[in-house]
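Asks: Sharing a structure with you now.
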Amino acid sequence: MNWKFPVFVFILLLVMFSGCVRRGSTSAPLEPIRTLEQLELYRQRGLFPEKIERIFCSGGTLRLAVYLDCADKVVAVDTNERREQGRSGMKAYLVAHPEFYDLPVGGETSGRDNPETILGLENQPQLIIKADTNAGYDPVELTRRTGIPVLLVPMRGITVGREGFDAGLRLMGAALGKQERAEAVLEFFDREMTEIKLRTQKEEILGRSKPLVYVGGVSYNGSHAFNSTEAGYPPFVIANANSPIKENENEPLLGKRHTMLAKEKILEWNPDILFLDLGTLYLGAASGLVELQNDSSYRSLKAVRAGNVYTLLPNTFYFVNHDAVLINAWFVGKTLCPEQFADIDPKRKADEIFTFLVGKAVFDQLNAELDDLALERLKKL
C-alpha cells in the first residue's frame, strides 16, 4: 500500500476534527441567537445544549436571569455588577443575591465582553446572555472567538417596548428551560399593572381633577440632580399620573425619554406633587435631595412649601429595575388616589413584588442603603 494514502487520510481526519471544535474556534458555526425559531433550529442541529447549567450574564441581563429563578446558573458577571456593592440600593437582585459579588468577571460594563477572559474562566459558561443594544463587544465576533452560544436579549421595559421585553424573557426562558416561569413573570407584571390602572381609573370616574406631578433625580448612565427626568416615566404611565413631560419628537426639549431640564421649566410648571428618584442620592452633596433642601428656587415650589414631596426607589440603574417600576407605580397610585389604595401598604407590597421576582423580601435591606427614605413623604425639607 502506498504510504502516502494513510498520511493523507490522517491529515484529512485532523482537518475535519479541528473544524468540529467550537470552543475557542475561529470558525464557530453559530450566529448570535435572537429568536425562538433560531434557538429551536440550533437545538435540532445539535448546536445548542439541551440543558443549560452555566451562564455568563452581560450588559444588565443578570436581573432577568434572577427573575427566571436562574441565579444558581450564573458563573460569571460583568464589572458593573461587581463594582456596585457599595450601591446595592440601586439593584434589588444584587441585594437578594450577594453571592454574585464573589463571582469572576467575564468582561467590562455595558457589554464590553472579553473572549479571552471568558475562555479562561475555571467554570466555563455554556451560554452567554448579552444585551442586544449594539454596544460593547460584537456578538458575532464573541460567538466566533469563544465557540459559546450567545443569546441576545432586547433590554426593553414593561410599558414602552413591552413586546420586546416579552420576547426577550420568553427567549431566555426557552434557552434555560424556564418557559413556565417566564410566562408566570409576564402574567405577574400584567396582573399588577392592570390592578393599578383600574384603581387610578376609578379616581378619574369620580370626576376629580388630577394633580400635576413631576419626578426628578432620574438615573441615566449614572446618578443625576433634580432636573433629570423622563418623558413617559413608567410608574406615571401605569398609575395614570398627570405629568407635563410628554414624548414629542418635534419638541427638542422633550423629544427624548430622558431629559435634563432647565430649572426654569420646572419652576414654570410649579407641579402640585413632586417625586424624587433616590438614585440621585449617590451624588452626595450635589443630589436632588440636597437641592430641594437648599436651593431657594426649588424651595419656592408650592409642592415643597406644602410638603408634598415623595420618594421613589431607583427606577433605572444599568437598565430598568422592572421590580422598582411596579413598586413605584403602587406608591404613586396611593399618593395620588389614597382612597382607592387604602388597603395597600406600599412597603409590604414592595416585599411581595421582590419575593416573587428576586426570591427574597429585601425592601428593608435595600432601603437601608437609601438612608431609609424610600416610599416616604419627605419630612426634612
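Each reported figure results from applying straightforward, stated rules to the coordinates on display, with no laboratory input. These numbers come from a predicted model, not from an experiment. Neighbour counts are summed over all protein chains in view; Cβ atoms, including those assigned to glycine, are modelled from backbone coordinates with ideal geometry.
Asks: Of [x] 17.9; [y] 21.0; [z] 22.1, which one was derived for mean projected area of the Cα convex hull in nm² from the structure shown?
Replies: [z]
Asks: Just check the range 58-179 against the gyration tensor rule for me: Cα atoms, a ≥ b ≥ c as the square roots of the eigenvalues, rounded for a/c under 1.5, and otherwise prolate or oblate depending on whether a/b exceeds b/c.
Replies: rounded
Asks: In percent, how large is the relative contact order of the chain, given Cα pairs closer than 8 Å and 6 or more residues apart? The partial results should precede the final answer.
Replies: Working: 696 pairs, mean separation 62.9, N = 381.
Reported relative contact order: 16 percent.
Asks: Right, here's the next one. Quick one: which of 177-186, 320-329, 51-60 comes out on top by average Cβ neighbours within 10 Å, and what's the full order, highest first? Intermediate results must be reported in sequence, preceding the final value.
Replies: Values: 177-186: 16.8, 320-329: 26.1, 51-60: 22.9.
Answer by packing, highest mean first, reads 320-329, 51-60, 177-186.
Asks: Moving to a separate point now. Compute and list, largest first, the equivalent-ellipsoid semi-axes of the range 186-369 from the alpha carbon gyration tensor, each √(5λ) rounded to a whole angstrom.
Replies: On the way: eigenvalues 121, 80, 54 Å².
Square roots of five times the eigenvalues give 25, 20, 16 Å.
Asks: Amide H neighbours of Leu378 under 5 Å, at least 5 residues apart or on other chains, H built in the peptide plane: list them.
Replies: Distant-sequence amide H within range of Leu378: Val309, Tyr310, Thr311.
Asks: Using a 10 Å cut-off on Cβ atoms, rank the peptides 141-147, 35-41 from the highest mean neighbour count down.
Replies: Working: 141-147: 20.4, 35-41: 13.7.
Descending mean neighbour count gives 141-147, 35-41.
Asks: Work out which helices of the chain, taken as complete DSSP H runs, extend at least 18 Å along their axis over the Cα atoms and score a mean Kyte-Doolittle of -1.0 or more, then list them. Don't skip to the end; give the middle numbers.
Replies: Numbers: long enough: 4-20 (24 Å, 2.20); 162-176 (21 Å, 0.29); 179-205 (39 Å, -0.96); 322-336 (21 Å, 0.72).
Length and hydropathy pass: 4-20, 162-176, 179-205, 322-336.
Asks: What are the ³J(HN,Hα) values, in whole Hz, obtained from phi via the Karplus relation 6.51 cos²θ - 1.76 cosθ + 1.60 with θ = phi - 60°, for each residue of the range 292-306 in sequence order, with x given for Gly and Pro?
Replies: 3J(HN,Hα) across the range 292-306, in whole Hz: 5, 7, 10, 7, 5, 5, 5, 5, 7, 4, 5, 5, 5, 4, 8.
Asks: What number, rounded to the nearest 500 deg cm²/dmol, is the helix-based mean residue ellipticity at 222 nm of the chain, given -39500 (n - 2.57) per DSSP H run of at least four residues and division by all its residues? Working shown, then result.
Replies: Numbers: 17 runs with 160 residues, N = 381.
Taken over the chain, the calculation gives -12000 deg cm²/dmol.
Asks: I've got another one for you. Spelling out what I want: for every residue of the range 100-109, take phi, set θ = phi - 60°, compute 6.51 cos²θ - 1.76 cosθ + 1.60 (Karplus), and round to whole Hz; glycine and proline get x.
Replies: Using θ = phi - 60°, the values come out as 4, 5, 8, 7, x, 9, x, x, 8, 4 Hz.
Asks: Could you work out how far apart the two model spin labels at Lys51 and Glu187 are, taking each label as a point 7 Å from the Cα in the direction of the beta carbon, and quote it in nm?
Replies: 2.6 nm
Asks: Moving on to the next point. Compute the Cα gyration tensor for the range 288-354, then decide on rounded, prolate or oblate, letting a ≥ b ≥ c be the square roots of its eigenvalues: rounded whenever a/c is under 1.5, prolate when a/b is larger than b/c in the other cases, and oblate in all that remain. Numbers along the way, then the final one.
Replies: Working: a/c = 3.19, a/b = 1.43, b/c = 2.23.
Cα axes put the range 288-354 in the oblate bin.
Asks: Using θ = phi - 60° and the Karplus relation 6.51 cos²θ - 1.76 cosθ + 1.60, list the HN-Hα couplings for the range 224-236 in order, rounded to whole Hz, with x at every Gly or Pro.
Replies: 9, 7, 5, 7, 8, 9, 8, 6, x, 3, x, x, 5
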